[in-house]
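Engineer: Shown below is the structure under consideration.
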Amino acid sequence: MANIFAFAETRLGELRRAGLEAVTAARRVADETGGQVHAMLAGGPGIGAIAAKLAAHGADVVLVLEGDAYVHYNPEVLAATIAARLGSGYRAAFFAASAQGHDLVARTAAKLKMPYASDVTDFAFTGDSVTVQHPGYTNKIVQTLVLKTPTAIISLRAGAVLPAENAKTGVVEAITPAMDPATARVKVTATEAGNRGKLDLGEAPVIIAGGRGLKEAANFSLVEDCAAAFGNAAVGATRAVTDEGWRPHADQIGQTGRLVSPDLYVACGISGAIQHLAGMRTSKCIVAINKDKEAPIFKVADYGIIGDVLEILPVLTAAVKTAKASG
Amino acid sequence: MKIAVCIKRVPDMDVRFKIAPSGTAVDESGLKFDMSDFDGYAVEAAVQLTEKLGAGEVTVISLGADVVQETLRKALSIGAHNAVQLKHDAPISDGFAVASALAAEIQGGGYDLVMFGRMAVDTQNRSTGALCAELLGMPLISAISKLDIENGTVKARRELEGAFELVEAALPAVVTIDEGIARPRYPSLKGIMAAKKKPLATKPAQLPEQRLLLEKLELPAERAAGRIIGEGKDAVPELIRLLKEEAKVL
Ligand SMILES: Cc1cc2nc3c(=O)[nH]c(=O)nc-3n(C[C@H](O)[C@H](O)[C@H](O)COP(=O)(O)OP(=O)(O)OC[C@H]3O[C@@H](n4cnc5c(N)ncnc54)[C@H](O)[C@@H]3O)c2cc1C
Ligand SMILES: Nc1ncnc2c1ncn2[C@@H]1O[C@H](COP(=O)(O)O)[C@@H](O)[C@H]1O
């Protein structure tokens with residue numbers, strides 16, 4: 001039985017949720033088609049300690065590339081090493097459709113001269129082909145594609161697979177890179193954690209997003225407070241807000257920002273421009289607070305409150321705290 | 001400095017799409033088309049680089065049917081110097097095939113810098129630039145929001161989820177462009193007139209066999225109409241109840 005590969009993404013020594021999602025997906029396929037899950041980890045000294053978590057999520061073997069050369073993301077060495085491995089025959093390989101994953105998976109596929117399925121929300125293995133779903137057209141259209149390659153290379157959209165435990169032995173195997181890291185032409189000279197310790201927009205179950213209706217940068221403290229009250233929330237913004245410099249561009253949600261689909265999206269003082277909706281309309285539950293009852297955001301919101309967000313948000317924050325405290 | 005920018009013609013996204021009877025294409029009636037957003041940022045960034053250097057040449061390349069000539073002309077009207085259409089009439093779902101055709105054109109063109117959009121807003125694959133870089137054997141820096149070129153080295157900043165990377169690579173290199181670098185200028189009348197005289201070559205696209213095939217397109221389930229639960233802060237308790245009991249997200 002051919003094995004299934006999963007790349008477990010880490011950053012600054014920490015495993016990312018997307019890494020567990022990839023391992024969980026690989027386990028699911030291995031359980032259906034047979035074969036083992038080989039999960040790969042790369043990072044600075046000590047990264048091998050994460051192997052146990054991958055084993056708990058279904059890795060039979062954990063391939064570890066550890067050393068100073070991998071403290072920062074090292075795409076050329078990783079792609080060369082992964083492509084060399086996959087060339088020896090795997091049925092499938094899972095990656096995260098993340099900023100790092102996007103170029104790692106593409107470089108790997110190109111080295112193997114194969115197409116791959118990008119940013120996949122669902123997949124099914126049947127016989128020789130693999131059918132995947134991939135949203136396009138600013139998430140307004142779902143594409144069903146069939147991948148006819150010996151190894152199905154797939155990058156998974158955040159949240160497409162929920163990490164699940166399914167413990168296997170996770171035999172640790174140190175691997176050697178397929179190229180000398182010193183010869184890499186692309187050098188990551190620094191990784192700056194923007195909001196370390198905080199939940200990322202792609203991973204947070206709840207997003208509290210603010211728009212121009214918040215009036216000024218300082219009022220984003222109300223949004224931060226509300227997110228803190230939820231405890232599992234990240235802060236997002238519209239382009240109007242990032243253009244004003246009230247929030248960094250990394251917080252922008254929409255057609256030219258992040259595409260998110262949390263369980264709960266609270267839109268505060270956001271009009272609901274089509275380019276913004278493109279990034280969040282697939283959220284499971286949408287709440288809108290806007291003083292204009294005609295604002296287009298109300299058309300996609302499950303629940304709307306008309307009124308001044310500066311007045312309503314602190315009350316909402318207090319109510320969420322109370323609700324959380326009472327379980 | 002020779003720069004190539006790959007641009008894709010895509011429909012305007014501000015509409016309610018319909019699927020064509022074939023089930024594998026978008027109904028194009030009434031749609032407006034333009035350069036994909038990030039490709040526009042890339043063209044502008046490339047033109048600004050040559051303006052800053054006071055030298056250099058920007059070539060825009062688009063793969064598609066003859067309608068892409070309109071998109072190429074638009075890029076010429078905002079400052080690109082010449083254009084190449086890689087002609088192929090049918091839609092292509094295999095991103096590796098697209099990248100192979102683009103790489104075949106770029107290869108041997110003597111480009112110092114090759115630019116792509118971070119993603120095309122229709123396919124949303126985010127793969128073409130990286131696939132091409134590998135096929136061309138060039139270093140790649142993807143999804144960059146800041147770009148400097150000093151002594152033959154690209155220095156860029158790219159955004160990750162909640163973090164940044166500072167990345168360097170020697171030219172020739174491939175970069176894919178995120179928002180934040182440059183907003184495309186509007187074509188001036190002078191630019192539009194000049195674009196008509198700029199060279200636009202058409203060549204057949206060299207495509208390998210496709211192994212990622214489109215089976216169907218579907219519209220996602222519509223969101224049920226929501227409701228306004230009240231006005232002002234007095235509506236908050238009802239919202240909390242609904243989030244707990246109905247939506248079960250609290
Ligand atoms: C090519 C392109 C790409 C784009 N990409 C994106 C993108 O990725 N993401 C994005 O968000 N936008 C994007 N935009 C911009 C988009 O078109 C809108 O301009 C933007 O989303 C508007 O942001 P906003 O809702 O914060 O501001 P506005 O549209 O100005 O809305 C502010 C809202 O706040 C309400 N309001 C004001 N005061 C209060 C108050 N006291 N209490 C409650 N409500 C109040 C108003 O009624 C209004 O509805 C893009 C545009 C283009 C052309
Ligand atoms: N048909 C095409 N012609 C020219 N460039 C393209 C084409 N398709 C994709 N690209 C380039 O590749 C980028 C990423 O596209 P994608 O990988 O499909 O998201 C686009 O922003 C363009 O720069």
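Engineer: Quick check: convex hull of the Cα atoms in chain A, volume per residue, rounded to a whole Å³?
Structural biologist: Working: hull volume 46.6 nm³, N = 327.
Measuring per residue, one finds 142 Å³ for the Cα hull of chain A.
Engineer: So, by mean Cβ neighbours within 10 angstrom, what's the order for B:129-135, A:57-63 with the highest one leading?
Structural biologist: Values: B:129-135: 28.0, A:57-63: 25.4.
Sorting B:129-135, A:57-63 by mean packing, highest first, produces B:129-135, A:57-63.
Engineer: Summing -39500 (n - 2.57) over the DSSP H runs of n ≥ 4 in the protein assembly as shown and dividing by its residue number, what mean residue ellipticity at 222 nm do you reach, to the nearest 500 deg cm²/dmol? Could you put the intermediate results ahead of the total?
Structural biologist: Details: 15 runs with 160 residues, N = 577.
Rounded to the nearest 500, the figure is -8500 deg cm²/dmol.
Engineer: Report the semi-axes of the equivalent ellipsoid for chain B in whole Å, largest first, where each axis is √(5λ) for an eigenvalue λ of the Cα gyration tensor.
Structural biologist: On the way: eigenvalues 267, 115, 75 Å².
Values for chain B, descending: 37, 24, 19 Å.
Engineer: Answer with one residue from B:VAL67, B:PHE17, B:ALA169: the one whose Cα lies farthest towards the positive end of the charge dipole of chain B, charges on Cβ with Lys, Arg +1 and Asp, Glu -1.
Structural biologist: The residue sitting farthest along the positive end of the dipole is B:VAL67.
Engineer: What would the Debye equation give as log₁₀ I(q)/I(0) for region A:206-325 at q = 0.13, 0.15, 0.21, 0.22 Å⁻¹, counting only Cα atoms as equal point scatterers?
Structural biologist: Result of the Debye calculation: -0.42, -0.56, -1.19, -1.32.
Engineer: Taking Rh as the Kirkwood radius computed over C-alpha pairs, what is the Stokes-Einstein D of region A:3-183 at 4 °C in a medium of viscosity 1.567 mPa s, expressed in µm² per second?
Structural biologist: Details: Rh = 16.0 Å.
The calculation lands on 81 µm²/s.
Engineer: For the pair B and A, how large is the buried accessible area, both sides, in square angstrom to the nearest 100, if the probe is 1.4 Å?
Structural biologist: On the way: alone 14770 and 15140 Å², together 22560 Å².
Interface area, both chains combined: 7300 Å², rounded to the nearest 100.
Engineer: Please give the charge dipole size of region A:3-183, origin at the Cα centre, charges +1 on K and R Cβ atoms and -1 on D and E Cβ atoms. Round to the nearest 20 debye.
Structural biologist: Working: 15 positive and 16 negative charges, 76 e Å.
Here region A:3-183 has a charge dipole of around 360 debye.
Engineer: Hey, what's the Cα Rg ratio for the protein assembly as shown versus the globular rule of thumb, 2.2 N^0.38 Å? Provide the component values of the computation, followed by the final result.
Structural biologist: On the way: Rg = 23.6 Å, N = 577, 2.2 N^0.38 = 24.6 Å.
The protein assembly as shown yields a ratio of 0.96.
Engineer: Still on this model: Give the carbon-plus-sulfur fraction of the accessible surface of chain A in %, rounded to a whole number; probe 1.4 Å, heavy atoms of protein chains only. Kindly include the intermediate steps, with their values, before the conclusion.
Structural biologist: Details: 5990 of 11540 Å².
Its accessible area is 52 percent carbon and sulfur atoms.
Engineer: Here's something else I'd like to know. Stick to Cα atoms and the Kirkwood definition of Rh, then tell me Rg/Rh for region A:91-167. Provide the component values of the computation, followed by the final result.
Structural biologist: Numbers: Rg = 12.4 Å, Rh = 12.9 Å.
With Rh from the inverse mean 1/r over Cα pairs, Rg/Rh is 0.96.
Engineer: Now for a different question. Of all the accessible heavy-atom surface of region B:1-126, with the other protein chains kept in place and a 1.4 Å probe, what percent is carbon and sulfur?
Structural biologist: On the way: 2250 of 4590 Å².
Heavy-atom surface of region B:1-126 belonging to carbon and sulfur, 1.4 Å probe: 49 percent.
Engineer: Whole number in Å², please: accessible area per residue of region A:206-325, 1.4 Å probe, ligands, DNA and RNA not counted. All intermediate terms of the calculation are to be shown ahead of the outcome.
Structural biologist: Numbers: 4170 Å² over 120 residues.
Heavy-atom SASA per residue in region A:206-325 reads 35 Å².
Engineer: Between B:LYS87 and B:GLU51, what length comes free when the chain is fully extended (0.36 nm per residue of separation minus the Cα-Cα distance, one decimal in nm)? Kindly include the intermediate steps, with their values, before the conclusion.
Structural biologist: Working: separation 36, 0.36 × 36 = 12.96 nm, distance 2.98 nm.
Contour length minus Cα-Cα distance gives 10.0 nm.
Engineer: Also, I was wondering about something else. Indicate, rounded to the nearest 5 percent, the antiparallel portion of the DSSP beta bridges found entirely in the protein assembly as shown. Write down the numbers at each step before the final one.
Structural biologist: On the way: 44 of 121 bridges.
If we restrict to bridges inside the protein assembly as shown, about 35 percent are antiparallel.
Engineer: Which whole-number percent is the relative contact order of chain A (Cα, under 8 Å, 6+ apart)?
Structural biologist: Details: 738 pairs, mean separation 46.3, N = 327.
Here the relative contact order equals 14 percent.
Engineer: If the only charges are +1 at each Lys and Arg Cβ and -1 at each Asp and Glu Cβ, what is the size of the charge dipole of region B:27-79 around the Cα centre, to the nearest 20 debye?
Structural biologist: Numbers: 4 positive and 10 negative charges, 47 e Å.
Charge dipole of region B:27-79: 220 debye, to the nearest 20.
Engineer: Let me ask something else about it. Would you mind giving the mean number of other chain beta-carbons within 10 Å of the Cβ of each residue in B:220-226, as a whole number?
Structural biologist: Numbers: counts 7, 1, 0, 8, 1, 5, 12.
Whole-number average of other-chain Cβ neighbours for B:220-226 is 5.
Engineer: Another question about this same structure. If the limit is 21 Å between Cα atoms, which of A:LYS215/A:LYS299; A:LYS293/B:LYS233; A:LYS140/B:LYS74 go over it? Could the numbers behind the result be given before it?
Structural biologist: On the way: A:LYS215/A:LYS299 23 Å; A:LYS293/B:LYS233 15 Å; A:LYS140/B:LYS74 26 Å.
Over 21 Å Cα-Cα: A:LYS215/A:LYS299; A:LYS140/B:LYS74.
Engineer: Just tell me which lysines come within less than 21 Å, Cα to Cα, of A:LYS113; anything on the same chain fewer than 8 places away is out.
Structural biologist: Leaving aside lysines fewer than 8 places away in the same chain, those within reach of A:LYS113 are A:LYS148.
Engineer: Still on this structure, I have one more. Note down the relative contact order for region A:1-150 as a percent, whole number, built from C-alpha pairs under 8 angstrom at least six residues apart.
Structural biologist: Values: 279 pairs, mean separation 30.9, N = 150.
With pairs under 8 Å counted, the relative contact order is 21 percent.
Engineer: Right, another one. Separation of region A:229-260 and region A:32-68 by C-alpha centroid, Å?
Structural biologist: 33
Engineer: Quantify how strongly other chains surround peptide A:313-323 by giving the mean number of their Cβ atoms within 10 Å of each of its Cβ atoms.
Structural biologist: On the way: counts 2, 2, 7, 6, 1, 2, 8, 5, 0, 2, 6.
Counting other chains' Cβ atoms within 10 Å and averaging over A:313-323 gives 4.
Engineer: How shielded is A:115-123 by partner chains, expressed as the average number of their Cβ atoms within 10 Å of its Cβ atoms? Walk me through the intermediate numbers first.
Structural biologist: Numbers: counts 16, 8, 4, 9, 6, 0, 0, 0, 0.
Mean partner shielding for this stretch: 5.
Engineer: Send over a whole-number figure in Å² for the accessible area per residue of region B:82-228, probe 1.4 Å. All intermediate terms of the calculation are to be shown ahead of the outcome.
Structural biologist: Working: 6450 Å² over 147 residues.
Heavy-atom accessible area per residue stands at 44 Å².
Engineer: Still on this structure: In region A:253-284, which residues give up 50 Å² or more of accessible area once the other protein chains are added, compared with their chain alone (1.4 Å probe)?
Structural biologist: Relative to the lone chain, where solvent access is computed with a 1.4 Å probe, region A:253-284 loses at least 50 Å² at A:GLN255, A:THR256.
Engineer: If you don't mind, there's one more thing I want to ask. How would you order B:10-16, B:43-49, A:308-314 from highest to lowest mean count of nearby Cβ atoms within 10 Å? Spell out each step's value before the answer.
Structural biologist: Values: B:10-16: 14.9, B:43-49: 23.0, A:308-314: 19.3.
For the peptides B:10-16, B:43-49, A:308-314, the packing ranking is B:43-49, A:308-314, B:10-16.
Engineer: Just to be sure I understand the model, the point goes 7 Å from the Cα along the line to the Cβ. What's the resulting A:ALA164 to B:LYS248 distance in nm?
Structural biologist: 1.7
Engineer: If you don't mind, there's one more thing I want to ask. Kindly rank A:145-151, B:34-40, B:172-178, A:178-184 from highest to lowest mean number of other beta carbons found within 10 Å of each residue. Could you put the intermediate results ahead of the total?
Structural biologist: On the way: A:145-151: 19.4, B:34-40: 24.7, B:172-178: 26.6, A:178-184: 13.4.
Result, highest mean first: B:172-178, B:34-40, A:145-151, A:178-184.
The values are calculated or read from the model by the stated rules, or taken from the named source; none is laboratory data. All of these numbers come straight from a predicted model, not from anything done at the bench. Cβ: placed from backbone, ideal geometry, glycine included. Neighbour counts: every protein chain shown. To get the accessible areas, we keep the full protein, side chains included, count just its heavy atoms, and leave off ligands, DNA and RNA. Shrake-Rupley method; radii C 1.70, N 1.55, O 1.52, S 1.80 Å.
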